[in-house]
Amino acid sequence: MNVEVKLFAAAREMAGAEAVQVSVSSPATIGTVRAAMCREHPGMAALIKASLFALDAHYSGDDAEIAEGAEVACIPPVSGG
């Protein structure tokens, strides 16, 4: 199953793209997508591990199953002041 992951903030900057495609086995979960992203984009692994993920506009844990065509987003931690 191919999953498009939308990227925001530092993740978008590091990837140089608005989204990345990852290939995972079905049934896919946020956790399998996170692991695939770390493998396929090792330079972003630390950021990916610290990021929140959203599934269809709702923050989701690593055990959340991803249906075909679902929207997945990687939202890195932000800082401000």
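With respect to the stated conditions, V5 is crowded, with 18+ Cβ neighbours inside 10 Å, touching a strand residue (DSSP E or B) at 6+ places or on another chain (Cβ under 7 Å) and either closer than 13 Å to I75 by Cβ or in contact (Cβ under 8 Å) with a residue 24 or more places away in the chain (or both). Out of R39, R34, one residue alone is in contact with a strand residue (DSSP E or B) (Cβ under 8 Å, 6 or more places away or on another chain), part of a helix (DSSP H, G or I) and of a type outside the set (A, V, I, L, M, F, W, C). It is R34. In the stretch 13-28, the qualifying residues are those that are touching a helix residue (DSSP H, G or I) at 6+ places or on another chain (Cβ under 6 Å) and of a type in the set (V, I, T), and the one that is surrounded by the fewest Cβ atoms within 10 Å (Cβ to Cβ) is V24.
When only residues in the stretch 42-58 that are assigned to a loop (DSSP other than H, G, I, E, B) and over 11 Å from the mean Cα position of the chain (by Cα) count, which is surrounded by the fewest Cβ atoms within 10 Å (Cβ to Cβ)?
A57
When Y59 is tested against (1) out of contact with any helix residue (DSSP H, G or I) (no Cβ under 6 Å at 6 or more places or on another chain); (2) at pLDDT below 95, only condition (2) is not met. Going through the stretch 59-81 one residue at a time, which ones are small (G, A, S), surrounded by 13 or more Cβ atoms within 10 Å (Cβ to Cβ) and in a loop (DSSP other than H, G, I, E, B)? Residues satisfying the conditions are A64, A70.
The values are calculated or read from the model by the stated rules, or taken from the named source; none is laboratory data. The structure displayed is predicted, hence computed values, not measured ones. Backbone-built Cβ (ideal geometry, glycine too); neighbour counts: all protein chains shown.
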